[in-house]
1. If you check Gly211, Gly233, Gly238, which single one turns out to be in a strand (DSSP E or B), free of Cβ contacts under 8 Å to residues at least 60 places away in the same chain and not aromatic (Phe, Trp, Tyr)?
2. Say we look at region 199-251 and pick out the residues that are under 18 Å from Cys43 (Cβ atoms) and away from the ligand (no atom under 15 Å from the Cβ); which of these is surrounded by the fewest Cβ atoms within 10 Å (Cβ to Cβ)?
3. Could you list, in sequence order, all residues of region 179-191 that are over 17 Å from the mean Cα position of the chain (by Cα) and of a type in the set (A, V, I, L, M)?
4. What do you reckon, is Asp197 of a type in the set (D, E, K, R) and without any contact (Cβ under 8 Å) to a residue 12 or more places away in the chain?
5. Can you say whether Pro16 is surrounded by fewer than 19 Cβ atoms within 10 Å (Cβ to Cβ) and either away from the ligand (no atom under 16 Å from the Cβ) or of a type outside the set (Phe, Trp, Tyr) (or both), as far as the supplied structure shows?
6. Does region 80-131 hold any residues that are assigned to a helix (DSSP H, G or I) and more than 30 Å from Phe34 (Cα to Cα), and which are they?
7. Of all residues in region 25-48, which are assigned to a loop (DSSP other than H, G, I, E, B) and either within 16 Å of the ligand (Cβ to nearest atom) or within 16 Å of Lys158 (Cβ to Cβ) (or both)?
8. Can you name the number of the only condition in (1) within 17 Å of the chain's Cα centre (by Cα); (2) under 19 Å from Ile123 (Cβ atoms); (3) more than 10 Å from the ligand (Cβ to nearest atom) that Gly22 fails?
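None of the figures in this text is laboratory data; all of them are computed from the coordinates on show. These figures come from a predicted structure and were not determined experimentally. Cβ coordinates were reconstructed from backbone atoms using ideal geometry, including for glycine residues, and neighbour counts include every protein chain displayed.
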Amino acid sequence: MADLSVRIGEVVLKNPVIAASGTFGFGTEYADIFDPGILGGICSKGITREPREGNPPPRLWETPCGLLNSIGLENPGIEAFVREVLPRMLELGTVVIVNIWGHEPEEYACMAERLDETEAHVIELNLSCPNVPGAGLPGANPDKVAAIVAAARAACGKPLWAKLPPEGDLIGAARAAARAGACAVTVANTFRGMAIDIRSRRPVFANTIGGLSGPAIKPLALRAVYEVSKAVGIAVIGCGGIVRWEDALEFIMAGAHAVQIGTGNFIDPLCIPKVIAGLEGFLEREGIGSPEEVRGSAQ
Ligand SMILES: Cc1cc2nc3c(=O)[nH]c(=O)nc-3n(C[C@H](O)[C@H](O)[C@H](O)COP(=O)(O)O)c2cc1C
């Protein structure tokens with residue numbers, strides 16, 4: 001039997017497949033479809049200090065092989081999350097990764113401090129949301145990455161993953177995250193994109209720019225993972241366009257320790273269980289003991 005477990009810093013995942021932030025609710029929503037406890041981990045929706053209503057509709061726009069979103073971080077805020085949502089996530093039987101977003105390093109630090117009092121396993125610093133009006137992408141700038149990761153590091157003892165945008169100085173940002181105390185980088189969030197309604201002659205989204213995800217971005221995200229994992233000594237979590245187990249293996253062979261699946265959950269709610277089963281079947285057929293044995297084989 002292949003052992004699918006992987007270690008990311010001090011945390012062990014039972015397999016390398018994680019539900020990506022914003023695409024799997026808080027995990028409990030899927031409990032009628034399959035047992036979320038089989039997952040390597042679940043990332044929460046992005047949580048902010050105060051509750052947010054998110055952007056006005058439309059928030060989703062399909063493109064050939066991809067999905068544009070402009071959700072704008074709708075969430076209940078850190079206090080309600082910690083009190084009402086996190087306890088239910090912790091009962092799911094998998095690693096709980098809390099994705100947080102803020103305007104300034106102090107906001108990240110404040111939420112990290114609050115989460116330090118909880119049983120959450122990992123904090124994922126979302127440095128890459130393209131959907132908050134006027135906020136920019138701190139993850140595209142190594143100095144801003146360093147400031148945010150360092151502030152969160154000083155405020156808590158939990159493992160920190162830095163989720164980067166695929167744009168900007170990606171390698172510089174990943175190195176800055178590692179130096180400031182992150183034990184992993186998630187590569188990557190959505191690519192900034194847009195669509196125009198030719199009848200109204202206006203952008204479809206109120207915020208003009210949205211985030212592109214799904215199979216359309218897979219080769220781009222794979223290249224990013226390949227480059228970052230060669231450049232940094234910390235774990236890389238691959239993310240972008242994974243819908244089949246073969247995609248997940250490509251990311252692992254490019255150097256990823258684990259992968260996250262987002263839009264794939266919208267295409268097929270059983271996407272993640274199928275990817276886990278497919279990975280296990282491949283390793284067994286090929287006589288490979290663990291994902292670690294093939295990680296980075298394509299470098
Ligand atoms: C509807 C939607 C909501 C998302 N919300 C978040 C979020 O709150 N925080 C975050 O870090 N990423 C968020 N993402 C980005 C995904 O977690 C993921 O990084 C991205 O979609 C690329 O992976 P995929 O191609 O597998 O979807 C969201 C993506 C989508 C499609």
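1. Gly238
2. Ile234
3. Step one: list which residues in region 179-191 are over 17 Å from the mean Cα position of the chain (by Cα), which gives 179-181.
Hit for region 179-191 is Ala180, nothing else.
4. Details: of a type in the set (D, E, K, R): yes; without any contact (Cβ under 8 Å) to a residue 12 or more places away in the chain: yes.
When the stated conditions are applied, Asp197 passes them.
5. Working: surrounded by fewer than 19 Cβ atoms within 10 Å (Cβ to Cβ): no; either away from the ligand (no atom under 16 Å from the Cβ) or of a type outside the set (Phe, Trp, Tyr) (or both): yes.
It is false that Pro16 is surrounded by fewer than 19 Cβ atoms within 10 Å (Cβ to Cβ) and either away from the ligand (no atom under 16 Å from the Cβ) or of a type outside the set (Phe, Trp, Tyr) (or both).
6. In the first step, residues of region 80-131 are kept if they are assigned to a helix (DSSP H, G or I); the result is 80-90, 105-116.
Hits for region 80-131 are Pro105, Glu106, Glu107, Tyr108, Ala109, Cys110, Met111, Ala112, Glu113, Arg114.
7. Taking region 25-48 first, the residues assigned to a loop (DSSP other than H, G, I, E, B) are 25-27, 31-35, 39-40, 44-46, 48.
Hits for region 25-48 are Gly25, Phe26, Gly27, Leu39, Gly40, Ser44, Lys45, Gly46, Thr48.
8. Gly22 satisfies all of (1) within 17 Å of the chain's Cα centre (by Cα); (2) under 19 Å from Ile123 (Cβ atoms); (3) more than 10 Å from the ligand (Cβ to nearest atom) except (3).
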